[in-house]
Amino acid sequence: MMITKRELRRIIREAIELDLEKGDVILTGRFKNKRTVVKDIGKDDLGQPTINGMKALTFRIEKLMPRKKWSKKSLEALEFAEEVEKKK
């Protein structure tokens with residue numbers, strides 16, 4: 001099967017854009033309940049995006065989830081940050 005130049009350009013222009021930076025919290029694991037901090041963003045041998053050396057499409061980004069579904073540790077950190085801001 002031949003790919004035309006037009007199809008090839010369309011494929012090359014496609015990109016995965018993740019609203020994710022180093023230091024963000026993602027939820028990983030079988031049930032997406034293990035809190036993990038992003039340390040490294042890269043690519044594997046096949047050019048697929050990886051987060052901390054694992055495939056990028058097997059996690060949830062906590063900051064994009066509703067706050068009621070955030071981990072307990074993240075909610076505590078948020079409350080602490082809000083208290084510090086009030087004291088200023």
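The values are calculated or read from the model by the stated rules, or taken from the named source; none is laboratory data. This one's a predicted model, so the numbers in the text were calculated from it and none came from an experiment. Every residue, glycine among them, receives a Cβ derived from its backbone with ideal geometry; neighbour counts consider all protein chains shown.
Among all residue pairs at least 6 apart or on different chains, which show Cβ distances below 8 Å where the first residue, located in region 67-83, is under 22 Å from PHE31 (Cα atoms) and the second is outside any helix (DSSP H, G or I)?
Close Cβ pairs satisfying both conditions: SER71/VAL25; SER71/LEU27; SER71/ASN33; SER71/ARG35; LYS73/ARG35; SER74/VAL25; SER74/ARG35.
Can you report the number of residues in region 71-88 which are modelled with pLDDT under 85 and surrounded by 10 or more Cβ atoms within 10 Å (Cβ to Cβ)?
Number of matching residues: 0.
Would you point out the residue of region 45-64, among those that are surrounded by 15 or more Cβ atoms within 10 Å (Cβ to Cβ) and assigned to a loop (DSSP other than H, G, I, E, B), that is modelled with the highest pLDDT?
Taking the candidates together, the pick is ASN52.
Can you find a residue in region 35-44 that is assigned to a loop (DSSP other than H, G, I, E, B), over 9 Å from the mean Cα position of the chain (by Cα) and surrounded by 14 or more Cβ atoms within 10 Å (Cβ to Cβ)?
No; the residues of region 35-44 include none that is assigned to a loop (DSSP other than H, G, I, E, B), over 9 Å from the mean Cα position of the chain (by Cα) and surrounded by 14 or more Cβ atoms within 10 Å (Cβ to Cβ).
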